[in-house]
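Contents: one structure, followed by commentary.
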Amino acid sequence: MKNFNLTVFVCLTILFSCRERKSDYPAIDQLKWLQGSWITDDSTSIETWALQGAELKGNSYSNREGRITEQLRIYADQGRPAYEATVIDQNAGKPVSFLLESTTADSLHFSNPGHDFPNHVVYVQQPDGSLLARVYGKDNKGMVLHMTRMAE
């Protein structure tokens, strides 16, 4: 009888651990508050995001350089949102990915501890509708950009 109970317990444990679990991560379409064009307070750059299928795709345009400097996307990596940045003149043009570390209804925190810089990318929607983007490294140093949504 003990072996039977142990076998049932083991089988149930395996069954429950293998069952599909509801993801704690938001679906990409729940992040659509990021959509639109955002200009920095000093007007040096514009970041644009658009929902395209199951991804948010974007780019960063430098007004100083007169060109797109980064291609961006947020996509699901095995159900977990990931932020990907391809900086045109860096990393041999290869993208760098950051996995979602934490989220709230109005913020996203992506991290990649193995990357040289940055290690963290954070977006926070402000109560007035503006956007803060914080990019920083292991030493907590980096930059904060305040952006305002541009009229469509």
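Of note:
- Flag for TYR136 being hydroxyl-bearing (Ser, Thr, Tyr), within 18 Å of GLN30 (Cα to Cα) and out of contact with any Lys or Arg (no Cβ under 8 Å at 6 or more places or on another chain): no
- So ALA151, is it surrounded by 15 or more Cβ atoms within 10 Å (Cβ to Cβ) and of a type outside the set (Ser, Thr, Tyr): no
- Restricting segment 95-116 to residues that are among the charged types (D, E, K, R) and at pLDDT below 95, the residue that is farthest from GLU47 (Cα to Cα): ASP116
- Leading residue by the ranking (modelled with the highest pLDDT) among those in segment 4-38 that are surrounded by fewer than 10 Cβ atoms within 10 Å (Cβ to Cβ) and part of a loop (DSSP other than H, G, I, E, B): ASP24
- Checked against (1) of a type outside the set (Asp, Glu); (2) surrounded by 12 or more Cβ atoms within 10 Å (Cβ to Cβ); (3) within 17 Å of PRO26 (Cβ to Cβ), THR104 passes all but a single condition, namely (2).
- Considering (1) surrounded by 13 or more Cβ atoms within 10 Å (Cβ to Cβ); (2) modelled with pLDDT under 95, the lone condition that VAL122 does not fulfil carries the number (2).
- Matching strands (runs of 3 or more DSSP E) fully within segment 52-152 where at least 3 residues are free of Cβ contacts under 8 Å to residues at least 24 places away in the same chain and either farther than 22 Å from SER37 by Cα or acidic (Asp, Glu) (or both): 96-104
- Filter result for ASP41 (in contact with a Leu (Cβ under 9 Å, 6 or more places away or on another chain) and exposed (fewer than 11 other Cβ atoms within 10 Å of the Cβ)): yes
The values are calculated or read from the model by the stated rules, or taken from the named source; none is laboratory data. Computed from a predicted model, the values in this text were never measured in an experiment. Virtual Cβ from ideal backbone geometry, glycine too; neighbours counted across all protein chains shown.
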